[in-house]
Amino acid sequence: MRKLIESTFVTLNGVIEDPQVWSPPYWDDEHAGYSQSLMEGVDAQVLGRVTYESFAEAWSARSGDPFTDNFNAMPKYVASRTVTEWTWNAQPLEGDAADAVRRLKESEGGDLIKFGTGSFSKTLLENKLVDEYHFWVFPVVAEGVNMFHGTGIDPTHLELLGTTTFKSGIVVHKLGPKS
């Protein structure tokens, strides 16, 4: 069975909105190395609509290095009821999003990765479909939408699988479903 990995940038005060504004000062070789290792064994992305739209705009214009070329070439499966034109190797998750992800996980292939956190993440969490969370906590506070704010999510306990600390101050907490 394929594993679903979620990778999310978050500030010290829980903000997930606009990471392209507050995270770049911390992008360095350690950040790039961890990002690259996270993609090992991954052959497709699972995205919510908002992340898909912002990533498609930002990433599709880039090329020229193995990471970016692989990132752009891999299939993307998107949870959306409103997108009508698909670009960037993307296609919709057909039917119920949780059922579609469950089918993807049961299909042949490498692991799946999901970037960003929003309403689709709540669906995945509630249906226990994420095998690993990588929460990148950046040493910055910012104004914006907090992770799972106002979603009515029930307390969900996760198990710490590992922690990676970068010289820049980023701490990545790798978590999984509590056994």
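The values are calculated or read from the model by the stated rules, or taken from the named source; none is laboratory data. Small disclaimer: the values here were computed from a predicted structure and weren't measured. For neighbour counting, all protein chains shown are included, and Cβ atoms are generated from backbone atoms with ideal geometry for every residue, glycine included. Accessible surface is based on the protein model in full, side chains and every heavy atom, while ligands, DNA and RNA are left aside. Shrake-Rupley method; radii C 1.70, N 1.55, O 1.52, S 1.80 Å.
Per atom type, the chain shows carbon and sulfur on 51% of its accessible surface, probed at 1.4 Å. Distance from the alpha carbon centroid of the range 75-108 to that of the range 125-179 works out to 23 angstrom.
Within the same chain, lysines fewer than 8 places from LYS3 are excluded, and of the rest, those with a Cα less than 20 Å from its Cα are LYS76, LYS105, LYS114, LYS122, LYS128, LYS174, LYS178. Between GLY14, GLY118, GLY144, the residue with the greatest mean-square fluctuation in the GNM of the chain (Cα pairs under 10 Å linked by springs) is GLY144. Here the dipole of the range 1-130 is about 480 debye; that uses its Cα centre as origin and unit charges on the Cβ of Lys and Arg (positive) and Asp and Glu (negative).
With θ taken as phi - 60° and the Karplus curve 6.51 cos²θ - 1.76 cosθ + 1.60 applied, the whole-hertz 3J(HN,Hα) list for the range 62-77 is 9, 5, x, 10, x, 4, 5, 5, 5, 4, 6, 6, 5, x, 10, 10 Hz, x standing for glycine and proline.
Could you work out which residue, out of PRO92, PRO19, PRO66, moves most in a Gaussian network model of the chain, that is, has the largest mean-square fluctuation with Cα springs under 10 Å? Checking each option, the largest mean-square fluctuation is seen for PRO66.
Let me make sure I get this right: for the range 87-127, a, b and c are the square roots of the gyration tensor eigenvalues over alpha carbons, sorted descending. Under 1.5 in a/c it's rounded, otherwise prolate if a/b > b/c, else oblate. Which is it? Here the range 87-127 falls in the rounded category.
Projecting the Cα positions of PHE135, SER80, PHE148 onto the charge dipole of the chain (unit charges on Cβ atoms of Lys, Arg, Asp and Glu, taken about the Cα centre) puts PHE148 furthest along the positive direction. Extending 7 Å from Cα along the Cβ direction at SER179 and again at VAL145 yields two label points whose distance is 3.5 nm.
What does the C-alpha gyration tensor say about the overall shape of the chain? Classify as rounded when a/c is under 1.5, otherwise prolate if a/b is larger than b/c, or oblate. It comes out rounded by the Cα gyration axes. Using a 10 Å Cβ count of at most 13 others and DSSP loop calls, identify the longest part of the chain lacking such trypsin sites (Lys or Arg not before Pro). Longest site-free region, per DSSP loop and neighbour criteria: 1-61. Applying a DSSP loop filter and a limit of 13 other Cβ atoms within 10 Å to the GluC sites (Glu not before Pro) in the range 1-49 leaves GLU40.
In sequence order, the range 126-136 has phi-based couplings of 4, 9, 6, 9, 8, 8, 9, 10, 10, 9, 8 Hz under the Karplus curve 6.51 cos²θ - 1.76 cosθ + 1.60, θ = phi - 60°, and Gly or Pro positions carry x. Once the 1.4 Å probe is applied to the protein heavy atoms, the chain comes out at 54 Å² accessible per residue.
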